[in-house]
Amino acid sequence: MSDFDERSGVIRCKTEWGCWWQTIDEVTIEIHSDTELKSKQIECKTKVKHIQVKINGTIILEGDLYEAVHADDTVWTLEDKRMIRICLSKSHNTAAHCWPSLLVGKYAADPVIYDQMQRKLTLQRFQYENPGMDFSGASLTGNYHDGGPQLPG
(Lines give C-alpha, C1' and ligand atoms only; values in the text may rest on other atoms or scores of the structure.)
Protein backbone atom coordinates (compact mmCIF):
# COMPACT_ATOMS: atom_id res chain seq x y z
CA MET A 1 0.00 0.00 0.00
CA SER A 2 1.39 3.39 -0.97
CA ASP A 3 1.74 6.43 1.29
CA PHE A 4 -1.13 8.02 -0.63
CA ASP A 5 -3.38 5.01 0.13
CA GLU A 6 -2.40 5.00 3.79
CA ARG A 7 -3.33 8.68 4.10
CA SER A 8 -6.47 8.63 1.95
CA GLY A 9 -7.79 5.12 2.67
CA VAL A 10 -9.03 2.58 0.17
CA ILE A 11 -12.43 2.26 -1.50
CA ARG A 12 -13.44 -1.38 -1.06
CA CYS A 13 -15.94 -3.29 -3.18
CA LYS A 14 -17.41 -6.02 -0.98
CA THR A 15 -18.05 -9.54 -2.26
CA GLU A 16 -19.29 -12.82 -0.77
CA TRP A 17 -15.67 -13.99 -0.31
CA GLY A 18 -14.14 -10.69 0.87
CA CYS A 19 -13.44 -7.51 -1.10
CA TRP A 20 -11.34 -5.90 -3.81
CA TRP A 21 -10.01 -2.39 -4.41
CA GLN A 22 -7.71 -0.60 -6.80
CA THR A 23 -5.13 2.11 -7.23
CA ILE A 24 -3.77 3.49 -10.48
CA ASP A 25 -1.10 0.75 -10.48
CA GLU A 26 -2.70 -2.24 -8.77
CA VAL A 27 -5.82 -4.23 -7.96
CA THR A 28 -5.89 -5.86 -4.54
CA ILE A 29 -8.11 -8.81 -3.67
CA GLU A 30 -8.79 -9.99 -0.11
CA ILE A 31 -10.34 -13.43 0.37
CA HIS A 32 -11.48 -14.15 3.92
CA SER A 33 -11.76 -17.64 5.42
CA ASP A 34 -13.81 -18.82 8.40
CA THR A 35 -11.17 -21.47 9.13
CA GLU A 36 -7.43 -21.25 9.57
CA LEU A 37 -5.46 -21.89 6.40
CA LYS A 38 -1.97 -23.00 5.51
CA SER A 39 -0.25 -21.73 2.39
CA LYS A 40 -0.08 -25.23 0.90
CA GLN A 41 -3.92 -25.30 0.83
CA ILE A 42 -3.99 -22.25 -1.47
CA GLU A 43 -3.53 -22.24 -5.22
CA CYS A 44 -3.51 -18.92 -7.08
CA LYS A 45 -3.06 -18.89 -10.86
CA THR A 46 -2.95 -15.63 -12.77
CA LYS A 47 -2.73 -15.08 -16.50
CA VAL A 48 -2.78 -11.76 -18.35
CA LYS A 49 -6.61 -11.63 -18.32
CA HIS A 50 -7.63 -14.54 -16.06
CA ILE A 51 -7.46 -15.51 -12.40
CA GLN A 52 -8.24 -18.68 -10.49
CA VAL A 53 -8.00 -19.08 -6.72
CA LYS A 54 -8.58 -22.43 -5.01
CA ILE A 55 -8.62 -23.39 -1.34
CA ASN A 56 -8.28 -27.13 -0.72
CA GLY A 57 -9.10 -27.75 -4.38
CA THR A 58 -12.35 -25.75 -4.25
CA ILE A 59 -12.57 -22.80 -6.61
CA ILE A 60 -13.23 -19.61 -4.64
CA LEU A 61 -12.66 -17.10 -7.42
CA GLU A 62 -12.31 -17.64 -11.16
CA GLY A 63 -12.89 -15.67 -14.31
CA ASP A 64 -11.63 -13.18 -16.83
CA LEU A 65 -10.14 -10.06 -15.26
CA TYR A 66 -11.73 -6.78 -16.31
CA GLU A 67 -8.44 -5.62 -17.85
CA ALA A 68 -5.00 -7.09 -18.44
CA VAL A 69 -2.45 -7.45 -15.65
CA HIS A 70 1.26 -8.28 -15.50
CA ALA A 71 0.66 -11.91 -14.50
CA ASP A 72 4.30 -12.58 -13.60
CA ASP A 73 4.19 -9.74 -11.05
CA THR A 74 1.24 -11.18 -9.10
CA VAL A 75 1.94 -11.57 -5.40
CA TRP A 76 -0.27 -13.31 -2.87
CA THR A 77 0.13 -13.65 0.88
CA LEU A 78 -1.66 -15.46 3.66
CA GLU A 79 -2.26 -13.11 6.57
CA ASP A 80 -3.28 -14.15 10.09
CA LYS A 81 -4.04 -17.65 8.69
CA ARG A 82 -7.51 -16.40 7.62
CA MET A 83 -7.04 -13.91 4.80
CA ILE A 84 -5.48 -14.27 1.36
CA ARG A 85 -4.32 -10.97 -0.13
CA ILE A 86 -3.60 -10.96 -3.86
CA CYS A 87 -1.92 -7.99 -5.52
CA LEU A 88 -2.29 -7.67 -9.29
CA SER A 89 -0.18 -5.19 -11.25
CA LYS A 90 -2.33 -3.41 -13.86
CA SER A 91 -1.03 -3.39 -17.44
CA HIS A 92 -2.73 -0.04 -18.05
CA ASN A 93 -1.93 2.16 -15.07
CA THR A 94 -3.70 5.47 -15.60
CA ALA A 95 -6.67 7.05 -13.85
CA ALA A 96 -8.64 6.43 -17.06
CA HIS A 97 -8.35 2.68 -16.41
CA CYS A 98 -10.56 2.48 -13.31
CA TRP A 99 -12.04 -1.03 -13.27
CA PRO A 100 -15.84 -1.01 -12.79
CA SER A 101 -15.68 -4.71 -11.86
CA LEU A 102 -13.02 -7.20 -10.84
CA LEU A 103 -14.00 -9.81 -13.42
CA VAL A 104 -15.90 -9.46 -16.68
CA GLY A 105 -19.54 -9.66 -15.61
CA LYS A 106 -18.78 -10.32 -11.92
CA TYR A 107 -18.06 -8.39 -8.74
CA ALA A 108 -19.04 -5.00 -10.11
CA ALA A 109 -18.78 -1.96 -7.90
CA ASP A 110 -22.12 -0.29 -7.35
CA PRO A 111 -22.38 3.19 -8.95
CA VAL A 112 -21.57 5.04 -5.71
CA ILE A 113 -18.49 2.91 -4.96
CA TYR A 114 -17.36 3.13 -8.60
CA ASP A 115 -17.66 6.93 -8.53
CA GLN A 116 -15.59 7.00 -5.31
CA MET A 117 -12.98 4.73 -6.95
CA GLN A 118 -12.74 7.06 -9.96
CA ARG A 119 -12.36 10.12 -7.70
CA LYS A 120 -9.60 8.41 -5.71
CA LEU A 121 -7.69 7.41 -8.86
CA THR A 122 -8.00 10.96 -10.15
CA LEU A 123 -6.60 12.32 -6.86
CA GLN A 124 -3.82 9.73 -7.04
CA ARG A 125 -3.03 10.92 -10.57
CA PHE A 126 -2.84 14.51 -9.28
CA GLN A 127 -0.49 13.27 -6.53
CA TYR A 128 1.79 11.59 -9.09
CA GLU A 129 1.81 14.71 -11.26
CA ASN A 130 2.51 17.02 -8.28
CA PRO A 131 4.73 15.07 -5.86
CA GLY A 132 5.34 18.06 -3.58
CA MET A 133 1.63 18.39 -2.77
CA ASP A 134 -0.63 16.16 -0.65
CA PHE A 135 -3.96 15.30 -2.27
CA SER A 136 -4.85 12.48 0.14
CA GLY A 137 -7.43 14.57 1.99
CA ALA A 138 -8.75 16.47 -1.03
CA SER A 139 -12.26 16.10 -2.36
CA LEU A 140 -13.58 16.43 -5.89
CA THR A 141 -17.04 17.27 -7.09
CA GLY A 142 -18.86 16.35 -10.28
CA ASN A 143 -19.64 13.13 -12.09
CA TYR A 144 -16.66 11.03 -13.03
CA HIS A 145 -16.00 8.79 -15.98
CA ASP A 146 -12.67 7.63 -17.38
CA GLY A 147 -10.56 9.30 -14.70
CA GLY A 148 -11.81 12.86 -14.79
CA PRO A 149 -14.74 15.19 -14.39
CA GLN A 150 -17.22 15.41 -17.23
CA LEU A 151 -18.04 18.90 -18.35
CA PRO A 152 -21.58 19.69 -19.50
CA GLY A 153 -21.75 19.83 -23.17
**Study point:** Local electrostatic count, residue 91, Cβ distance below 15 Å [Lys/Arg +1, Asp/Glu -1]
**Key:** -3
**Study point:** Net lengthening on full extension, residue 112/residue 25 (0.36 nm per residue, minus Cα-Cα)
**Key:** 29.2 nm
Point to revise | ³J(HN,Hα) computed for each position of the range 9-26 - Karplus, 6.51 cos²θ - 1.76 cosθ + 1.60, integer Hz, glycine/proline x | key: x, 10, 9, 8, 10, 6, 9, 5, 9, x, 6, 9, 8, 9, 10, 4, 8, 9
Review point. Taking a probe of 1.4 Å, how large is the accessible area per residue of the range 1-127, in Å²?
Key: 51
Exercise for review: Sort 76, 99 by accessible area with a 1.4 Å probe, largest first.
Suggested key: 76, 99
Exercise for review: With a/c under 1.5 counting as rounded, go ahead and sort the range 7-86 into rounded, prolate or oblate using the C-alpha gyration tensor (a ≥ b ≥ c being the square roots of the eigenvalues; past the cut-off, prolate if a/b is larger than b/c, else oblate).
Suggested key: oblate
Point to revise | Stokes-Einstein D (µm²/s) once Rh is taken as the Kirkwood radius of the range 54-113 over alpha-carbon pairs, at 10 °C in 1.306 mPa s | key: 119
Practice item. Would you kindly derive the ³J(HN,Hα) couplings of the range 39-46 from the backbone phi angles with the Karplus curve 6.51 cos²θ - 1.76 cosθ + 1.60 (θ = phi - 60°), listing them in order in whole Hz, with x for Gly and Pro? Key: 4, 5, 7, 9, 10, 10, 10, 10
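The values are calculated or read from the model by the stated rules, or taken from the named source; none is laboratory data. The structure presented is a predicted model; accordingly, all values stated were derived computationally and were not measured. All Cβ positions, even for glycine, are placed from backbone atoms using ideal geometry, and neighbour counts span all protein chains on display. We work out accessible area using only protein heavy atoms, side chains counted, and drop any ligands, DNA or RNA first. Shrake-Rupley method; radii C 1.70, N 1.55, O 1.52, S 1.80 Å.
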